[in-house]
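Participant: One structure coming up, written as structure tokens, with questions to follow.
The values are calculated or read from the model by the stated rules, or taken from the named source; none is laboratory data. None of these values were measured; they are calculated from a predicted model. Glycine gets a Cβ as well: all are built from the backbone with ideal geometry, and neighbour counts include every protein chain shown. Remember, those area values only see protein heavy atoms, side chains included, never the ligands or the DNA or RNA. Shrake-Rupley method; radii C 1.70, N 1.55, O 1.52, S 1.80 Å.
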Amino acid sequence: MSTIAELMTHDHRECDHLFASAETHAAKGEWEAAAQAMDAFSRALQAHFDAEEQQLFPRFEAVTGMTGGPTQVMRGEHADMRETLAAMQDALVRRDAADFAGEADTLMVMLQQHNMKEENILYPMCDARLADERTELAAGLARRLGARAEA
Amino acid sequence: MSANPGLAYQDTPPFSAPLRFFLTAPLFGVVAGLVLLFAPGVLESRWTPPALALVHLFAAGFMLQVMLGALLQVLPVVAGAAMPAPARVAGASHLVLAGGTLALAWGLGRIAPEAILAGAGLLAAGLLIFLAAAVRALLDAPATAGASRTPRDLRYALAGLAVTAALGVLLALVLSRGLALPVPLPMLVDLHAGWGWLGWGGLLLAATSWVVVPMFQITPAYPARLTRHWAPTVLVALLAWSAATLGGHALPATATGLALLALAALFAIATVRLQSRSRRSTPDASFRAFRLAMFAALGGLVALLGTMLTDIERLPVVAGVLVMHGAFGGAISAMLYKIVPFLTWLHLTQAGIKAPNMKKLLPDAPMRRQLQAHAATLAVLLAAAVLPVLAPLAGLLLMVEFGWLFGNLLRAVRAGRRARG
């Protein structure tokens, strides 16, 4: 993985696949399997958000001096998505298939429009503005994403 | 340039800006249904005055309205291009375009030259307002681009729209002022339709699909070679086809025309193949409708091929029905069902209100039934293209389909209003 954009975009797709697995099991009423898949998805998504908020965004903010800029917007959207994720988990515990599907659909659209902004705008900005430390930063992010998802 | 181009909530246009386009668009479909219901012999050929009115109610009314509304929303997100004063741009262009579409349709249907000219003039003015704001936003957008080809292809589509509109104005001048052109009128009409379908509609649909299909339906990405080369190849082929057609070179015109059909088919087949590899195991109504739209596109391309190689009388009407109602109508309805509930949810959430989830704002069942009505309408429209006596029934179904679409969208917006209390 040479760029931050490639690495983080790849992780977006990994999260999508875990999401699809949880959604599929829930739709079939396989609640045990759905809970397991949901757990994996939730951990991967939180790891992704955390890696951005604790590692990538601080570096971007330090180098550009933009603390109230795009990263703040992304943090706000992470907060919204954490809420919808919690609502999904709550519906799963109640085994409410309709509610789960509705929350899942909402998170899906929220997540994808957020990802579009990151992949098309923010990550390329990161690669450009953090060029000097890009390789090292990408390696650090990769370690973190790999380790957290397996934890 | 804003400190955080396209990313900030304040760069998101107010809900009313895209919504006014989304809610009026289906009403043009209802009016198109009225034309089918009450104008006798409308589908007997693509050249009958009511058929021309019908086509423009659908293309400039339904398709263009939704596409412009969606662009308002999508340009900031995928290209970092936020329009200046989106509410005012939307308000002005929406009103002028809607008035222009009605005038043009009236003029074409009733053979009223002044109305044709007024309609075309208003449409051109509305588009100028919108395109000027879009070009301004794209020029101000950050240069750092991602790997996605979508921002580039959206620009191409806007260029295609400008060409379509310019040809349309030229045609209006021929019809209303007797402007003498060195080329036959039907040839110019074909160019206008070709640029509208592929240079504007097709490029926009593809540019949107590059991101929407893999992301929302969780499929593999489109092949990089396709997304890199498809749109530029389409533009070059359109230019070559136009030059060959205008120059009266029959063989090159046919060859480039066939190339355009092949390019359109390539996109539809690639999309259908990706969709069959979706990881989302529960295809919802919107997914199915998008898929049906791709098959209708393929059917329409086969019909168009037939019109190039044979003189079968009804084939141009069949092709028009499949491409416009089946492909564009279906794909646009499918996208509206994702966009409107999500924007309702998003604007509630941004206002700090606990929003009901998307399926509570608009449940699956009414969407599914409306999309079934769309499929039934398509079938009867195709039958009516062969048996014109069925046209009134098709008109009735068209009114039901679009009235229902309007009702469903309104339902989501109202559920959002209720959540605001």
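Participant: Considering just Cα atoms, how many Å³ per residue does the convex hull of chain B enclose?
Facilitator: Spread over its residues, the Cα hull of chain B gives 132 Å³ apiece.
Participant: Something else now. Between segment B:125-179 and segment A:53-104, what is the C-alpha centre distance in whole Å?
Facilitator: 36 Å
Participant: Evaluate the charge dipole of segment B:310-421 about its Cα centre and quote only its size in Debye, nearest 20, assuming +1 on the Cβ of each Lys and Arg and -1 on the Cβ of each Asp and Glu.
Facilitator: Values: 12 positive and 4 negative charges, 202 e Å.
It comes to approximately 960 debye.
Participant: With just the Cα atoms of segment B:1-144, tell me how far they stretch along each of the three principal axes, in Å, largest first.
Facilitator: Largest to smallest, the principal-axis extents are 57, 24, 23 Å.
Participant: Report ³J(HN,Hα) in whole Hz for each residue of segment B:129-134, in order, from the Karplus equation J = 6.51 cos²θ - 1.76 cosθ + 1.60 where θ = phi - 60°; Gly and Pro get x.
Facilitator: Couplings: 4, 5, 5, 4, 5, 5 Hz.
Participant: In whole percent, and with a 1.4 Å probe on the protein chains, what portion of the accessible area of the protein assembly as shown is carbon and sulfur?
Facilitator: 65 percent
Participant: Set Lys and Arg Cβ to +1 and Asp and Glu Cβ to -1, take the dipole of chain B about its Cα centre, and tell me which of B:A17, B:L322, B:A162 lies farthest positive.
Facilitator: Of the candidates, B:A17 comes out farthest on the positive side.
Participant: Further question: Over chain B, what is the relative contact order in percent, taking alpha-carbon pairs closer than 8 angstrom and at least six residues apart?
Facilitator: The normalised contact order for chain B reaches 19 percent.
Participant: For helix B:64-79, what angle does its Cα long axis make with the longest principal axis of chain B, in degrees from 0 to 90 and rounded to 10?
Facilitator: Long axis of B:64-79 versus the principal axis of chain B: about 50 degrees.
Participant: Report, in cubic angstrom per residue, the convex hull volume of the C-alpha atoms of segment A:4-150.
Facilitator: 86 Å³
Participant: Are there chymotrypsin sites (Phe, Trp or Tyr not before Pro) in segment B:245-320 that DSSP marks as loop and that have at most 15 other Cβ atoms within 10 Å, and which are they?
Facilitator: In loop regions of segment B:245-320 (DSSP not H, G, I, E or B), there are no sparsely surrounded chymotrypsin sites (Phe, Trp or Tyr not before Pro).
Participant: Report the equivalent ellipsoid semi-axes for the protein assembly as shown in whole Å, largest first, defined as the square roots of five times the eigenvalues of the gyration tensor built from alpha carbon atoms.
Facilitator: 42, 26, 22
Participant: Then there's this: Accessible area per residue for segment B:1-144 in Å², computed with a 1.4 Å probe and the full protein assembly in place, what is it?
Facilitator: Computed with neighbouring chains in place, this is 37 Å² per residue.
Participant: From the phi of every residue in segment A:109-121, what ³J(HN,Hα) in whole Hz does the Karplus formula 6.51 cos²θ - 1.76 cosθ + 1.60 yield, where θ is phi - 60° and glycine or proline is x?
Facilitator: Karplus-based 3J(HN,Hα) across segment A:109-121 equals 5, 4, 4, 6, 6, 5, 4, 4, 5, 5, 6, 8, 10 Hz.
Participant: Also: What 222 nm value per residue comes from the helices of chain A, counting each DSSP H run with n ≥ 4 as -39,500 (n - 2.57) and dividing by all residues, nearest 500 deg cm²/dmol? Show your work: numbers first, answer last.
Facilitator: Values: 7 runs with 122 residues, N = 151.
Here the helix-only value at 222 nm equals -27000 deg cm²/dmol.
Participant: Chains B and A: how much accessible area gets covered up at their contact, both sides added, probe 1.4 Å, in Å² to the nearest hundred?
Facilitator: 3300 Å²
Participant: Using the Cα centre of the protein assembly as shown as the reference point, and only Cβ charges (+1 on K/R, -1 on D/E), how large is the resulting charge dipole? Debye, rounded to the nearest 20. Don't skip to the end; give the middle numbers.
Facilitator: Values: 43 positive and 38 negative charges, 183 e Å.
Around 880 debye, computed over the protein assembly as shown.
Participant: Running a GNM on chain A with Cα contacts under 10 Å, which residue among A:G68, A:G140, A:G76 ends up with the highest mean-square fluctuation?
Facilitator: Fluctuation is largest for A:G68.
Participant: From zero outward in steps of 10 Å, how is the percent of C-alpha pairs of segment B:230-294 spread across the bins?
Facilitator: Bins of 10 Å from zero give 20, 35, 22, 17, 6, 0 percent of pairs.
Participant: Per-residue Cβ counts within 10 Å, from other chains only, averaged over A:111-119: what number is that?
Facilitator: 6
Participant: Under 10 Å, Cα contacts only: if you run a Gaussian network model on chain B, which one of B:F216, B:F28, B:F406 comes out with the highest mean-square fluctuation?
Facilitator: Ranking B:F216, B:F28, B:F406 by mean-square fluctuation puts B:F216 first.
Participant: Any chance you could list P(r) for segment B:179-321, counting all Cα-Cα pairs in 10 angstrom bins from zero, rounded to whole %?
Facilitator: 11, 38, 31, 15, 4, 1
Participant: Name the residue, out of B:Q370, B:Q217, B:Q73, whose mean-square fluctuation peaks in a Gaussian network model built on chain B with Cα pairs under 10 Å.
Facilitator: Fluctuation is largest for B:Q217.
Participant: Suppose every Lys and Arg Cβ carries +1 and every Asp and Glu Cβ carries -1, with no other charges. What dipole size does segment A:4-150 come out with about its Cα centre, to the nearest 20 debye?
Facilitator: Rounded to the nearest 20 debye, it is 200 debye.
Participant: Tabulate in residue order the Karplus-calculated ³J(HN,Hα) for segment B:317-328, using 6.51 cos²θ - 1.76 cosθ + 1.60 with θ = phi - 60°, rounded to whole Hz; enter x for Gly and Pro.
Facilitator: My calculation for segment B:317-328 gives 5, 4, 4, x, 4, 5, 6, 7, 6, x, 7, 5 Hz in order.
Participant: Top to bottom by accessible area (1.4 Å), largest first, where do B:T150, A:T64 land?
Facilitator: Sorted by accessible area, descending: A:T64, B:T150.
Participant: Along the charge dipole of chain A, pointing to its positive end and built from +1/-1 on Cβ of Lys, Arg, Asp and Glu, which listed residue (A:A26, A:A62, A:A98) has its Cα farthest out?
Facilitator: Going by the charge dipole, the pick is A:A62.
Participant: Report the gain in length on full extension from A:Q36 to A:D132: 0.36 nm times residue separation, minus Cα-Cα distance, nm rounded to one decimal.
Facilitator: Length gained, A:Q36 through A:D132: 30.6 nm.
Participant: Within chain B, which is the longest segment containing none of the trypsin sites (Lys or Arg not before Pro) that sit in a DSSP loop and have at most 12 other Cβ atoms within 10 Å?
Facilitator: It works out to B:1-276.
Participant: Can you tell me the orientation of helix B:203-216 relative to chain B, as the angle in degrees between its alpha-carbon axis and the longest Cα principal axis, to the nearest 10?
Facilitator: It is inclined by approximately 40 degrees.
Participant: Pop out the Kirkwood hydrodynamic radius of segment B:337-421 from its pairwise C-alpha distances, inverse of mean 1/r, in Å to one decimal.
Facilitator: Result for segment B:337-421 stands at 14.2 Å.
Participant: How high is the relative contact order of chain A, in percent, counting Cα pairs under 8 Å that sit 6 or more residues apart?
Facilitator: 40 percent
Participant: To continue, here is another question. Compute the Kirkwood hydrodynamic radius of segment A:1-40, taking the inverse of the mean of 1/r over all pairs of distinct Cα atoms, and give it in Å to one decimal.
Facilitator: Values: mean 1/r = 0.0922 Å⁻¹.
Evaluated over segment A:1-40, this radius sits at 10.9 Å.
Participant: Please name the residues of segment B:247-293 whose accessible area, counted over protein heavy atoms with a 1.4 angstrom probe, falls by no less than 40 Å² between the chain alone and the full protein assembly.
Facilitator: Listed in order, they are B:R279, B:R280, B:S281, B:T282.
Participant: Sticking to Cα atoms, compute the Rg of segment B:293-340 to one decimal and its Dmax as the biggest Cα-Cα distance, whole number, in Å.
Facilitator: 12.4, 43
Participant: Calculate the mean, over all residues of peptide A:69-77, of how many other protein chain Cβ atoms lie within 10 angstrom of the residue's Cβ.
Facilitator: The per-residue average across the peptide is 4.
Participant: Right, something else. Got a sec? Charge dipole of chain B, +1 on Cβ for Lys and Arg, -1 for Asp and Glu; which of B:T271, B:P182, B:V386 is way out at the positive end?
Facilitator: Result: B:T271.
Participant: Expressed as cubic angstrom per residue, what is the convex hull volume of the alpha carbon set of segment B:294-379?
Facilitator: Given the Cα convex hull of segment B:294-379, per-residue volume reads 80 Å³.
Participant: So, one more: Quick one: Debye curve from the alpha-carbon atoms of segment B:95-177 only, equal weights, vacuum; give me log10 I(q)/I(0) at q = 0.12, 0.21, 0.22 Å⁻¹ to two decimals.
Facilitator: Results for segment B:95-177 at q = 0.12, 0.21, 0.22 Å⁻¹ read -0.44, -0.91, -0.96.
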